[in-house]
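Reading through the structure tokens given below for one structure.
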Amino acid sequence: MATPFIITLDGPAGVGKSTLAKRLADHFEIAYLDTGAMFRATAWKLGEGSWDWDIEKIEGALKELSFTLTGSGSDSVLSLNDVPLTSDIRTETVAMWGSNLAMIPAVRTYLKIAQREIGKTTSLIAEGRDMGTVIFPQAPCKFFLDAALEERARRRFEQLEEMGKPADINDLIEQIGTRDDKDRNRKEAPLKPADDGIIIDTTNLDIDGVFDRLVAEVKKISS
Ligand code: DC
């Protein structure tokens, strides 16, 4: 079997990673792994306050979780214990729970093993915070997307509206800003670009412009 080809896409909340990762996965006809969804789903399953449990209880609960990825492109399906994830996890509240759990080394280790296991057999666009730095540092294509907080909140606002989950823009600015600070400043696998990653500031770029740049970079690296 050929070695899976991995493209990593890291960056803060609301930068447009998911939209771009799905488009790239369709373009290159490979699977799409949303690792933020793994943290959200873990938080959804363990529930509010689980980050304060003692470590044995957290480890016991993690042992009951099994993630699988099937399909390809934007039709890739991530399942937890054989049940496909739903839009229930797509709220800022669940994202914050995920961010809280993401500070706990046992949770990161558990999900790291699950993510690498998927990447052993499947070519991937892997989206998250530490894909290029910790999970797949050997990946040939590593990208880090960034954008100003207000612009990211605006993009998330539009995304939530499209999903029928309207939000208040000022609340989003505050919630995303708080979550970013946590993700960037935690000790374990903080949000940051890989030393040899390609950084793209997307504040003043439209999604098509960023997509074209990413495709061109992947083609250059893989040719
Ligand atoms: O990508 P997202 O917004 O769905 O992620 C939700 C939270 O999960 C994010 O605030 C931090 C955590 N996370 C992480 O720590 N590492 C990842 N690779 C992906 C997400």
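The values are calculated or read from the model by the stated rules, or taken from the named source; none is laboratory data. Keep in mind that what you see is a predicted model, and the values were worked out from it rather than measured. Don't worry about glycine lacking a Cβ; one is built from the backbone with ideal geometry, like all the others, and counts go over all protein chains shown.
For LEU191, the conditions (1) in contact with a Pro (Cβ under 8 Å, 6 or more places away or on another chain); (2) more than 29 Å from TRP51 (Cα to Cα); (3) crowded, with 18+ Cβ neighbours inside 10 Å all hold with the exception of (2). Restricted to the range 89-202, the set of strands (runs of 3 or more DSSP E) holding at least 3 residues that are at pLDDT 95 or above and within 27 Å of ALA61 (Cβ to Cβ) comprises 124-128.
Kindly establish whether THR86 is under 18 Å from the mean Cα position of the chain (by Cα) and away from the ligand (no atom under 12 Å from the Cβ). Yes: the conditions hold for THR86. Only one entry of PRO193, PRO166 meets the criterion of being touching a strand residue (DSSP E or B) at 6+ places or on another chain (Cβ under 6 Å) and either touching a residue at least 40 places away in the same chain (Cβ under 8 Å) or away from the ligand (no atom under 14 Å from the Cβ) (or both), and that entry is PRO193. Whenever a residue of the range 49-61 is touching a residue at least 12 places away in the same chain (Cβ under 8 Å), its partners that are surrounded by 10 or more Cβ atoms within 10 Å (Cβ to Cβ) and part of a loop (DSSP other than H, G, I, E, B), lying with C-beta atoms within less than 7 angstrom and at least six residues away or across chains, give the pairs TRP51/ILE104; ILE58/ILE104. One residue stands out in the range 103-125 among those that are farther than 17 Å from LEU33 by Cα and within 12 Å of the ligand (Cβ to nearest atom): the one that is surrounded by the fewest Cβ atoms within 10 Å (Cβ to Cβ), namely PRO105.
Can you tell me which residue is nearest to the ligand (Cβ to nearest atom) among those in the range 126-138 that are among the aliphatic types (A, V, I, L, M) and within 19 Å of ARG23 (Cα to Cα)? My answer is MET131.
Is there a residue in the range 177-186 that is within 16 Å of THR8 (Cα to Cα), surrounded by 12 or more Cβ atoms within 10 Å (Cβ to Cβ) and β-branched (Val, Ile, Thr)? The answer is no, given that none of the residues of the range 177-186 is within 16 Å of THR8 (Cα to Cα), surrounded by 12 or more Cβ atoms within 10 Å (Cβ to Cβ) and β-branched (Val, Ile, Thr).
Criterion applied to THR3, THR70, THR35, THR19 was being surrounded by fewer than 20 Cβ atoms within 10 Å (Cβ to Cβ), β-branched (Val, Ile, Thr) and either closer than 20 Å to GLN175 by Cβ or touching a residue at least 40 places away in the same chain (Cβ under 8 Å) (or both), and the one residue passing it is THR19. Got a sec? Which helices (runs of 4 or more DSSP H) wholly within the range 1-66 have at least 3 residues that are within 13 Å of the ligand (Cβ to nearest atom) and within 19 Å of the chain's Cα centre (by Cα)? Hits in the range 1-66: 17-28, 35-46. Go through the range 109-124 and give me each residue that's more than 20 Å from PHE143 (Cα to Cα), hydrophobic (A, V, I, L, M, F, W, C) and in contact (Cβ under 8 Å) with a residue 60 or more places away in the chain. Correct list: LEU111, ALA114.
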